[in-house]
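Note sheet for the following structure.
The values are calculated or read from the model by the stated rules, or taken from the named source; none is laboratory data. What you see is a predicted model; the values in this text were computed from it and never measured. As a convention, Cβ positions derive from the backbone with ideal geometry for all residues, glycine included, and neighbour counts pool all protein chains shown. For the accessible areas, the whole protein counts, side chains as well, though only heavy atoms, and no ligand, DNA or RNA atoms are used. Shrake-Rupley method; radii C 1.70, N 1.55, O 1.52, S 1.80 Å.
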Amino acid sequence: MDWGMQNRLSRIINPKTNRCVMLAVDHGYFQGPTSGLERPGETVAPLLEYADALMLTRGVLRNTIDPGTTAPIVLRVSGGTSILKDDLSDEDISVSIEDAIRLNVAAIAISVFVGSVNEKRTLTNLSRLCDRGQKYGIPVLAVTAVGKEMARDARYLGLACRIAAELGAQVVKTYHCEDFAKVVNGCPVPVVIAGGKKIEERDALTLAYNAVSDGAVGVDMGRNIFQSRWPVAMIRSVRAIVQDGKSDAEAWEMAQSLMD
Ligand code: 5RP
């Protein structure tokens, strides 16, 4: 891996711990003003100091995030559909590599929809994006999106993660599942998990703990942080698990002490 690529990756995945707490606030790119993200700049402001990276779109970055921030940016560069469509897989690359460079991002992110009607297009989009990233030393995070009707099991997620890595992604984001260690084992690049829909705070901490215990390098978590009544307590407790090696029970104690 060349120096620039490695350096950018090191800004996201801490090389001392090989772990990463990424805060995902890109949901509006197909969901519109997602609950908790109506004013994304205000949502992320108190959370940024606890995040190793921030994942978002260029519109939210340019319009709501202070350019003085030191948080590494993981820029979502795929889109083209909305929740008004049944099939969300109809995505293309939505940002030029020049604009990503202009925004000084640490990585670029794209969804792939393995098994969907648009499987081939989203996978070839990923390949094209990896070529562009390779040219300028910008790592690609592939998001293995799962259609409503698809099983989130180790066989499917393992297939999707492996394909994303084979096509050139430097990091893969997926969902935790039973036998998740098999997913990680079959994927030659670092894996982070999405948090998914909002669940109880205690359960979200267990999810993060199970993911890293099963070999994920960390989380790219959104709703279970910013939709919590206690977003700062949540991100700090998730961080305690991912970066400080705390158990979910220890992190829950910490979370409770931080909840007002
Ligand atoms: C949407 C995404 C989101 O960033 C991802 O789902 C993470 O957020 P959450 O923890 O809320 O699931 O990539 O496609």
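Under a point spin-label approximation (7 Å from Cα along Cα-to-Cβ), what is the ALA249-ASP179 distance to one decimal in nm?
My value for the distance between the label points is 2.9 nm.
Give the accessible surface of the chain per residue, rounded to a whole number of Å², with probe radius 1.4 Å and ligands, DNA and RNA excluded.
About 46 Å² of surface per residue is accessible.
Express as a percent, rounded to the nearest 5, the fraction of DSSP beta bridges in the chain (both residues included) that run antiparallel.
Once the DSSP bridges in the chain are tallied, antiparallel ones form about 10 percent.
Tell me the carbon and sulfur percent of the accessible area for segment 3-258, rounded to whole percent, probe radius 1.4 Å. Show your work: numbers first, answer last.
On the way: 5550 of 11520 Å².
Of the solvent-accessible surface of segment 3-258, carbon and sulfur hold 48 percent.
Say R0 is 25 Å: what FRET efficiency, to the nearest 0.05, do SER96 and ASP2 get from their beta-carbon distance?
Numbers: r = 21 Å, r/R0 = 0.84.
Calculated transfer efficiency: 0.75.
Which one of LEU159, LEU56, LEU129 has the biggest mean-square fluctuation once the chain is modelled by GNM with Cα springs under 10 Å?
Among LEU159, LEU56, LEU129, the largest GNM mean-square fluctuation belongs to LEU159.
Loop only by DSSP, 14 or fewer other Cβ within 10 Å of the Cβ. Give me the trypsin sites (Lys or Arg not before Pro) in segment 174-221 that pass, ordered by residue number.
Values: sites: LYS182, LYS197, LYS198, ARG202; in loops: LYS197, LYS198.
Sparse-neighbourhood loop trypsin sites (Lys or Arg not before Pro): LYS197.
So which GluC sites (Glu not before Pro) in segment 107-192 pass both tests, a DSSP loop state and at most 13 other Cβ atoms within 10 Å of the Cβ?
Here the GluC sites (Glu not before Pro) that fit, given the DSSP loop and packing criteria, are GLU149, GLU178.
Go through segment 249-260 residue by residue and turn each phi into a ³J(HN,Hα) via Karplus (6.51, -1.76, 1.60, θ = phi - 60°); whole Hz please, and just put x for glycine and proline.
Using θ = phi - 60°, the values come out as 5, 5, 5, 5, 4, 4, 4, 4, 5, 9, 7, 8 Hz.
Compute the length gained on full extension between THR17 and ARG152: take 0.36 nm times their separation in residues and subtract their Cα-Cα distance, giving the result in nm to one decimal.
Details: separation 135, 0.36 × 135 = 48.60 nm, distance 2.82 nm.
The span from THR17 to ARG152 would gain 45.8 nm if fully extended.
Give the relative contact order (percent, whole number) for segment 3-258; include only Cα pairs under 8 Å separated by 6+ residues.
18
Please identify every one of the trypsin sites (Lys or Arg not before Pro) in segment 44-114 that sits in a loop by DSSP and has no more than 15 other beta carbons within 10 Å of its own beta carbon.
LYS85
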